[in-house]
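Novice: Can you keep this structure in mind? I'll have questions shortly.
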Amino acid sequence: MVDAGITLFYGVLALQLPIGVLMFFDAKRLKLKNPEKYWLGVVIPAVGFVVVLYYLSERKNLPKEEADGTT
């Protein structure tokens with residue numbers, strides 16, 4: 001029974017890591033504020049799937065970076 005739980009945990013983690021990386025780069029591409037918070041939210045086991053659903057549903061409405069004109 002313990003082996004099944006550990007296998008399930010690693011399976012979920014193996015699925016969440018690539019999704020988190022994709023969301024991080026997508027958030028950077030969209031110039032969202034703090035793109036790392038979406039990455040960290042997805043990597044947390046069990047809660048990550050909720051963050052993925054929220055991100056995908058609110059992707060166009062999330063706060064963007066401020067354009068301050070400096071380079």
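The values are calculated or read from the model by the stated rules, or taken from the named source; none is laboratory data. Since the model is a prediction, treat every value here as computed from it, not as a measurement. Virtual Cβ from ideal backbone geometry, glycine too; neighbours counted across all protein chains shown. Side chains included, ligands, DNA and RNA excluded: accessible areas come from the protein's heavy atoms. Shrake-Rupley method; radii C 1.70, N 1.55, O 1.52, S 1.80 Å.
Novice: So which residues in the range 31-42 are open to solvent by 40 Å² or more (accessible area, probe 1.4 Å) and either assigned to a strand (DSSP E or B) or of a type outside the set (D, E) (or both), if there are any at all?
Specialist: Result: K31, K33, N34, K37, W39, L40.
Novice: May I pose another question? For the range 19-29, state whether one or more residues are open to solvent by less than 60 Å² (accessible area, probe 1.4 Å), at pLDDT 85 or above, acidic (D, E) and out of contact with any Leu (no Cβ under 7 Å at 6 or more places or on another chain).
Specialist: Among the residues of the range 19-29, at least one is open to solvent by less than 60 Å² (accessible area, probe 1.4 Å), at pLDDT 85 or above, acidic (D, E) and out of contact with any Leu (no Cβ under 7 Å at 6 or more places or on another chain), which makes the answer yes.
Novice: While we're looking at this one, here's another question. So which pairs qualify, if the first residue must be in the range 14-36 and more than 16 Å from N61 (Cβ to Cβ), the second must be among the hydroxyl-bearing types (S, T, Y), the Cβ gap must be under 8 Å, and the two must be at least 6 apart or on different chains?
Specialist: Note: pairs meeting the criteria are G20/Y38; F24/Y38.
Novice: Which one is farthest from the chain's Cα centre (by Cα) among residues in the range 43-71 that are surrounded by 12 or more Cβ atoms within 10 Å (Cβ to Cβ) and at pLDDT 80 or above?
Specialist: E65
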